[in-house]
Amino acid sequence: MTALRDYADRVNQPELSDPSGSPTRWDEMVGPDGGLRAPWKALASVAVGLTEHDLARVGRDVTRFLADDGVTYVRPHGRGEVPWRLDPVPLVLDAADWASLEVGLAQRAELLDAVLVDLYGEQTLLAEGVVPPEVVHTHPGFVRALARRSYVDPHPLLVTGTDLGRGPDGAWLALGDRTQAPSGIGFAMENRRVVSRVLPELYREARLHRLGPFFSAMRSVLMQSGGGETADARVVVLSTGAGSETAYDQAFVASTLGFPLVEGADLVVRDGYVHLRTAGSLERVDVILRRVDAEWTDPLELRGDSRLGVAGLTEVVRRGRVRVVNGLGSGVLESPALLPYLPAACRHLLDEDLRLASVPTWWGGSEEGRAALLDRSDLVVRTVDDPAPLRLPAEDLRDRVLADPGRYVGQEPADLSWSPQVGPSGAVHSRPVSLRTFALQHGGAYRPMVGGLASVLGDDRSVISSKDVWVLKASPEDPDQGLAEVLPLSTLRAPEVTVPRVLEDMFWLGRYVDRAEAALRLTLAATTLAEEARPATAGDQALAVVRGAVHRLAGPGPGSSPETDLRSVLLDGRRVGTAAHAVAGMREAAQSVRDQLSADVWRAFGVLDRAAELVTDSPYRHQLGEGAGRMLTGVLSVDGVVASMMRDQTWHVIEAGRCLERALQLAHLLRATTCVRRGLDVDRRVLDAVLVATESSVTHRRRFRGHVRPASVVDLLLLDRANPRSLRFALVALADHLSGLAGSTGSTRPERLVADLLTRVEETDTATLVAIGGVDRPHLADLLDEVLAQLSRTADAIAELHFSTGPAPRPFPHLVVAGP
Amino acid sequence: MRWALWHRTTYTYDDEVTDSLGVLHLRPRSLPYQRVLDHELSLTPVPGDAAPDVDHFGNETTFFQVRTPHTELVVRADSTVEVEDRVHDDAVLAVPWERARPAERRDLPDAWRAIELALPSPRVSRHAGAASYAAASLAPGRPLGEASYDLMHRIHEDFAYDKTATTVTSTLDDVLAERAGVCQDFAHLFLAGWRAHGLAARYVSGYLATTPPPGKERVVGADASHAWVEVWLPGSEGGGDWLALDPTNDQPAGERYVTVACGRDYGDVPPVRGIIFTEARSSSLKVEVDVAPG
């Protein structure tokens, strides 16, 4: 018995139907007769062949692909980042089913746009009593700063999102609208990418609408929306930053569309326009696709405490000199209190009946709504400005509604359709699904994305997984998305934009990559010593010295055993100075510039995660070395990503970060290991470990043939001009990469500091450095201390010259109106 | 009466400000009983960008941006205004206050606009204490004029005028607990109480001409911005008539009151608000206002 056939048989068990025999819910795959529904019939030859075993494998593939692409979802309220979840079995709709839904979605988007124009203009909906003014005036999404005659935007909604559920009769119902900054378009595209890879036969069989043309259309719509010359239009995606819930989605949309992902601090108002601060100059911005809620976008006229916005943005919008998508006033449309009034608004504004009904909703501010909220215990109650339902005892809820009825709505729990969902073992469960759809204003009308993002809901109706949405074509000749005329995206290339914040993240990405590499190589050297060392031998003493080098950067670790300590170096991301901390830093930096990096970089993190799991799961000591080795492979694969980058500023700044960090790590390592004499036997082992940790053993053997001596090691690692692992080499390269940054003149402070340091290194010689004073090598210690201090000054100078964006905005001091 | 207004706001910083953006509500409104004969706004340094506009409540505003580095910003507004006493329809003042709830007067063409001013706002939130305080002035069937005057009298009687009792962040809770405040607090308290009963009223920002104590010279700059309230009068001829009451001084606002701007609460109409970009650690603010017979 195959998995989906088995599912089909279970769906029509008698307990799922009510006694009258009418179905209590719609199943997306199985019809009431127990047979597959029409769209699945087309896929039956492949789909029905899948066993639980196949599905379990596919499920694991999905997890791995998503991890390789670094797809994550940050849970709200600081509950951390979790991997994005995707169920491999898509939600499949056929052309007939979609056609009727599509008309309803297009009309709904047109209606919402018209409502918005009316509310910020003539307000006939309010004046004529179609919508109670309270609904609008008490909602935080109504932006009074735009409710002025001076602000005219005939089409403030460019992209809408609507959540849908399907009732037992098969009809779709709108659950709510997302109009400020609808998220999920990027996740939808990623889901498609993954499902097409893990179920290639099914995907080929399906003849479904591909998503690409929707993105191309979206790109051209955004470029045209600025009103100026399309070819020159500068569009940016305004993000809430890497800590946002949908950071992946934001970065994916930005990089797919080819627009830079920016944050509020990267933008500035000058001369009545918005500008992007790029390294060294300002560039005018015509269109802002925002992922920041309106109230946070302008500390001058909206929330004064916002750090995410652009001071003066509202004024520029009113003057029509920048287009914000969606319009800053569009949040008011997300109020569920509007839902009961949409049918009347549709007749009033469009002179049509509303095609796509909303879930039955009562607003507490109306007589009948208040009565329903107080009398009906079956309603799902929420406030007008928060989509999360209130889960409160009935009495408390009643008190709240009585105190401020206009703040609450009650909605009938939506009947949702059910769909197969694959569990970890490959077993197929039946779960409710909802569907987020998108519509784009294109060529004078709204075009829904032919597809979407489905959510699988758990028993408490929280989202447990997403699903791809396949809409099948009526005929193979149908153009994808019904858009034959749109240019594919690949013909367009995004111009280079480097804002100082991005340069800073890139610099740190480079620094963390080399820091992680140094820490891992040192750990490998230490594990090798630890495996051989017997107590109170030279090997044991050498191990102590090498661990001293670890502790110099990471502080003393937990426990005294080398094994516990080294395990912590590999795994404890919160212990500053460890490999794990550097890897976490790499990841954070990479996430902040996700739109600028090849997706391959996330493969590297996939390798790193699996290596860390190996260390975590295995109690065996030898797995430490193995784990460290695999982590090193992960870090080194970032090299490959960097190597194939364009040779622009971004690349130079990463490389500058790497050179600076390499020099720093080397100086720390030598300072901890070679400045004190400990006896020939110990010193030899320490020097061997140093060569291992600096990946220079082979070079040393080739160059010096004989024994490892302090002089040969110092010569090779500090002064050799040809060894890419030497301090001198790193400084020359650092100078070179600094000169590749905009703003460098050859005589800027960071360049001068590096040049001085290089001179200092070049003027010394090996004999002086290894000269002995007592048990110490004072000249070597002095040089290394100078190197460390000068590199730290250089890092500060680089930050000041290349990354600073000036002070943060803050409000004028306030005065109380005290009056006479 | 004709008044010459002089309003100067000076911000001083201990380090250079490189960019300063602001929104001003300093131009007196043109109203049936108030004519603006002359108005001049000047900023030092001179802003590179300055543009007038009319806001959602019909107030005249100015947006500005100063990019000349400065350690002192001076905003100066000089106006000449002619104000008359306001005349209201006695029949409207005599209606029972319950008939002045805009949500229940959809028969009146301007009622839908007044609804916005019967709802809570950021600084005039729904407040049970303010609601029950105002209830004492709202006996069933009491004429609207009488009820609103009574609430004004009671606030004047029950609350002490005390500049030390209040800060920018004073809330209705603070004012009710301390039984003290300044004009802005009294206006907000009146609005919270009034709106809690479904009635519409708005916050007014402006100036009151003061008379120097007997035997003393007028001191230029000793006046201040003032705040009072306006109560919506339903069904007045032509619609849109408001009764202006000053709970701080326990009197209706007459020809000595110059109206600058009105809104839901102070937050809609501060005379000056802005954002600065600076490394400065401290800043100070000085406001000088003078209202002299013109």
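The values are calculated or read from the model by the stated rules, or taken from the named source; none is laboratory data. Just so you know, these numbers come straight off a predicted model, no measurement behind them. Backbone-built Cβ (ideal geometry, glycine too); neighbour counts: all protein chains shown.
Can you tell me how many residues in the stretch A:135-154 are facing chain B (nearest Cβ under 8 Å) and either out of contact with any helix residue (DSSP H, G or I) (no Cβ under 9 Å at 6 or more places or on another chain) or closer than 12 Å to A:Val117 by Cα (or both)? Can you show your working first?
Narrowing the stretch A:135-154 to residues facing chain B (nearest Cβ under 8 Å): A:137-138, A:144-145, A:147-150.
Keeping just the survivors that are either out of contact with any helix residue (DSSP H, G or I) (no Cβ under 9 Å at 6 or more places or on another chain) or closer than 12 Å to A:Val117 by Cα (or both) gives A:147-149.
Final tally of qualifying residues: 3.
Can you report the number of residues in the stretch B:42-81 which are more than 11 Å from chain A (Cβ to nearest Cβ) and surrounded by fewer than 19 Cβ atoms within 10 Å (Cβ to Cβ)?
Looking only at that region, the number is 12.
Regarding the stretch A:162-175, can at least one residue be identified that is over 22 Å from A:Gly49 (Cα atoms), assigned to a loop (DSSP other than H, G, I, E, B) and aliphatic (A, V, I, L, M)?
Restricting attention to the stretch A:162-175, the residues satisfying the condition of being over 22 Å from A:Gly49 (Cα atoms) are A:162-175.
After this cut, where a residue has to be assigned to a loop (DSSP other than H, G, I, E, B) as well, the list is A:167-171.
Retained after the next criterion (residues that are aliphatic (A, V, I, L, M)): A:171.
Scanning the stretch A:162-175 turns up at least one residue that is over 22 Å from A:Gly49 (Cα atoms), assigned to a loop (DSSP other than H, G, I, E, B) and aliphatic (A, V, I, L, M).
Do we find that A:Arg671 is on the phi < 0 side of the Ramachandran plot, surrounded by fewer than 22 Cβ atoms within 10 Å (Cβ to Cβ), of a type outside the set (Gly, Ala, Ser) and in a helix (DSSP H, G or I) in this structure? Spell out the reasoning first.
Numbers: on the phi < 0 side of the Ramachandran plot: yes; surrounded by fewer than 22 Cβ atoms within 10 Å (Cβ to Cβ): yes; of a type outside the set (Gly, Ala, Ser): yes; in a helix (DSSP H, G or I): yes.
When the stated conditions are applied, A:Arg671 passes them.
If I ask for residues that are more than 16 Å from A:Leu116 (Cα to Cα) and among the hydroxyl-bearing types (Ser, Thr, Tyr), which ones from the stretch A:170-191 would you list?
Scanning the stretch A:170-191 gives a single hit, A:Ser183.
Spot the failing condition for A:Leu175; the list is (1) crowded, with 22+ Cβ neighbours inside 10 Å; (2) more than 14 Å from chain B (Cβ to nearest Cβ); (3) hydrophobic (A, V, I, L, M, F, W, C), and only one is missed.
Just one mismatch for A:Leu175, condition (1).
Just one of A:Gly243, A:Gly227, A:Gly309 is closer than 20 Å to A:Ala808 by Cα, assigned by TED's automatic domain parsing to the domain that holds A:Ser475 and surrounded by fewer than 18 Cβ atoms within 10 Å (Cβ to Cβ); which is it?
On the way: A:Gly227 fails: closer than 20 Å to A:Ala808 by Cα; A:Gly309 fails: surrounded by fewer than 18 Cβ atoms within 10 Å (Cβ to Cβ).
When all the criteria are applied, what remains is A:Gly243.
Residue check, B:Ala227 against (1) more than 9 Å from chain A (Cβ to nearest Cβ); (2) within 19 Å of B:Leu151 (Cα to Cα); (3) surrounded by 22 or more Cβ atoms within 10 Å (Cβ to Cβ); (4) among the small types (Gly, Ala, Ser), all met but one. Which one?
Against the list (1) more than 9 Å from chain A (Cβ to nearest Cβ); (2) within 19 Å of B:Leu151 (Cα to Cα); (3) surrounded by 22 or more Cβ atoms within 10 Å (Cβ to Cβ); (4) among the small types (Gly, Ala, Ser), B:Ala227 comes up short only on (1).
Could we say that A:Gly31 is at pLDDT 85 or above, under 23 Å from the mean Cα position of the chain (by Cα), buried (at least 16 other Cβ atoms within 10 Å of the Cβ) and not assigned by TED's automatic domain parsing to the domain that holds A:Trp172 here?
On the way: at pLDDT 85 or above: yes; under 23 Å from the mean Cα position of the chain (by Cα): no; buried (at least 16 other Cβ atoms within 10 Å of the Cβ): yes; not assigned by TED's automatic domain parsing to the domain that holds A:Trp172: yes.
Here the answer is no, as A:Gly31 does not meet what is asked.
Residue under question is A:Arg431, and the condition is that it be in a strand (DSSP E or B), in contact with a strand residue (DSSP E or B) (Cβ under 9 Å, 6 or more places away or on another chain), under 28 Å from A:Glu110 (Cα atoms) and not small (Gly, Ala, Ser); does it hold?
On the way: in a strand (DSSP E or B): yes; in contact with a strand residue (DSSP E or B) (Cβ under 9 Å, 6 or more places away or on another chain): yes; under 28 Å from A:Glu110 (Cα atoms): no; not small (Gly, Ala, Ser): yes.
The answer is no for A:Arg431.
I need every pair where a residue in the stretch A:199-218 that is under 19 Å from A:Gly482 (Cα atoms) and in contact (Cβ under 8 Å) with a residue 12 or more places away in the chain has its Cβ under 7 Å from the Cβ of a residue that is of a type in the set (Asp, Glu) and surrounded by fewer than 21 Cβ atoms within 10 Å (Cβ to Cβ), sequence separation at least 6 or different chains.
Taking only residues 6 or more apart or on different chains, the pairs are A:His209/A:Asp480; A:Arg210/A:Asp480; A:Gly212/A:Asp480; A:Pro213/A:Asp480.
Looking at the stretch A:806-816, is at least one residue within 14 Å of chain B (Cβ to nearest Cβ), among the aliphatic types (A, V, I, L, M) and free of Cβ contacts under 8 Å to residues at least 12 places away in the same chain?
First, the residues of the stretch A:806-816 that are within 14 Å of chain B (Cβ to nearest Cβ): A:806-816.
Now narrow it down to the ones that are among the aliphatic types (A, V, I, L, M): A:808, A:815-816.
Okay, now just the ones that are also free of Cβ contacts under 8 Å to residues at least 12 places away in the same chain, so A:815-816.
Yes, the conditions are met somewhere in the stretch A:806-816.
Is it true that some residue in the stretch B:275-292 is within 13 Å of chain A (Cβ to nearest Cβ), buried (at least 22 other Cβ atoms within 10 Å of the Cβ) and within 12 Å of the chain's Cα centre (by Cα)?
Checked the stretch B:275-292: no residue is within 13 Å of chain A (Cβ to nearest Cβ), buried (at least 22 other Cβ atoms within 10 Å of the Cβ) and within 12 Å of the chain's Cα centre (by Cα).
Within the stretch A:359-366, is even one residue more than 14 Å from chain B (Cβ to nearest Cβ), more than 29 Å from A:Ser183 (Cβ to Cβ) and in contact with a helix residue (DSSP H, G or I) (Cβ under 7 Å, 6 or more places away or on another chain)? Walk me through how you get there before you give the answer.
Within the stretch A:359-366, the first condition is being more than 14 Å from chain B (Cβ to nearest Cβ), and the residues that meet it are A:359-362.
Those left that are additionally more than 29 Å from A:Ser183 (Cβ to Cβ): none.
No: zero hits.
Can you tell me which residue in the stretch A:719-732 is farthest from the chain's Cα centre (by Cα), limited to those that are without any contact (Cβ under 8 Å) to a residue 60 or more places away in the chain and part of a helix (DSSP H, G or I)?
A:Leu719
Take B:Ala187 and decide whether it is surrounded by fewer than 24 Cβ atoms within 10 Å (Cβ to Cβ) and at the interface with another protein chain (Cβ under 10 Å from one of its Cβ atoms). It would help to see each step written out before you state the result.
Values: surrounded by fewer than 24 Cβ atoms within 10 Å (Cβ to Cβ): no; at the interface with another protein chain (Cβ under 10 Å from one of its Cβ atoms): yes.
Spelling it out, it is not the case that B:Ala187 is surrounded by fewer than 24 Cβ atoms within 10 Å (Cβ to Cβ) and at the interface with another protein chain (Cβ under 10 Å from one of its Cβ atoms).
Restricting attention to the stretch A:416-426, report how many residues are modelled with pLDDT under 90 and closer than 18 Å to A:Asn12 by Cβ.
Count: 0.
Could you list all residues from the stretch B:241-274 that are within 9 Å of chain A (Cβ to nearest Cβ) and either among the small types (Gly, Ala, Ser) or in a loop (DSSP other than H, G, I, E, B) (or both)? Please lay out each step first, then the result.
Within the stretch B:241-274, the subset within 9 Å of chain A (Cβ to nearest Cβ) is B:246, B:248-249, B:263-264, B:266, B:268, B:270-274.
Correct list: B:Thr248, B:Asn249, B:Gly263, B:Arg264, B:Pro270, B:Pro271, B:Gly274.
So which residues in the stretch A:199-216 are touching a strand residue (DSSP E or B) at 6+ places or on another chain (Cβ under 7 Å) and surrounded by fewer than 21 Cβ atoms within 10 Å (Cβ to Cβ)?
A:Arg207
Yes/no per residue for (1) closer than 19 Å to A:Gln411 by Cα; (2) surrounded by fewer than 15 Cβ atoms within 10 Å (Cβ to Cβ); (3) modelled with pLDDT of 95 or more:
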residue	(1), (2), (3)
A:Pro340	yes, no, yes
A:Ala344	yes, no, yes
A:Arg347	no, yes, yes
A:Leu350	no, yes, yes
A:Leu356	yes, no, yes
A:Val359	yes, no, yes
A:Ser377	yes, yes, no
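Which condition from (1) within 14 Å of chain A (Cβ to nearest Cβ); (2) not in a loop (DSSP other than H, G, I, E, B) is the one that B:Leu108 breaks?
Only one criterion is unmet by B:Leu108, namely (2).
Out of everything in the stretch A:361-375 that is touching a strand residue (DSSP E or B) at 6+ places or on another chain (Cβ under 6 Å) and not in a helix (DSSP H, G or I), what residue ends up being nearest to A:Gln411 (Cα to Cα)?
From the stretch A:361-375, those touching a strand residue (DSSP E or B) at 6+ places or on another chain (Cβ under 6 Å) are A:361-364, A:369, A:372-373; that's our starting set.
Subset that is not in a helix (DSSP H, G or I): A:361-364.
Numbers: A:Thr361: 4, A:Trp362: 6, A:Trp363: 9, A:Gly364: 11 Å.
My answer is A:Thr361.
Search the stretch A:114-134 for residues being of a type in the set (D, E, K, R) and within 16 Å of A:Asp351 (Cα to Cα), and hand back the single one that is farthest from the other protein chains (Cβ to nearest Cβ).
Residues of the stretch A:114-134 of a type in the set (D, E, K, R): A:118, A:122, A:128, A:134.
Remaining after also requiring within 16 Å of A:Asp351 (Cα to Cα): A:118, A:128.
Details: A:Asp118: 13, A:Glu128: 9 Å.
The selected residue is A:Asp118.
Could you tell me whether A:Ser216 is within 14 Å of chain B (Cβ to nearest Cβ) and among the polar types (S, T, N, Q)? Walk me through how you get there before you give the answer.
Numbers: within 14 Å of chain B (Cβ to nearest Cβ): no; among the polar types (S, T, N, Q): yes.
The answer is no for A:Ser216.
Working only within the stretch A:574-592, note down all residues that are over 15 Å from A:Val513 (Cβ atoms) and surrounded by fewer than 17 Cβ atoms within 10 Å (Cβ to Cβ).
Across the stretch A:574-592, the qualifying residues are A:Arg574, A:Arg575, A:Val576.
Considering only residues that are closer than 16 Å to A:Leu435 by Cα and more than 23 Å from the chain's Cα centre (by Cα), which ones fall in the stretch A:450-471? Working first, answer last.
Kept after step one, since they are closer than 16 Å to A:Leu435 by Cα, are these residues of the stretch A:450-471: A:450-458, A:461-471.
Result: A:Val450, A:Gly458, A:Arg461, A:Trp470, A:Val471.
Pairs only if they're at least six apart or on different chains, beta carbon under 7 angstrom, first in the stretch A:33-49 and at positive phi, second of a type in the set (Gly, Ala, Ser) and surrounded by 14 or more Cβ atoms within 10 Å (Cβ to Cβ); list them, first residue then second.
A:Gly34/A:Ala8
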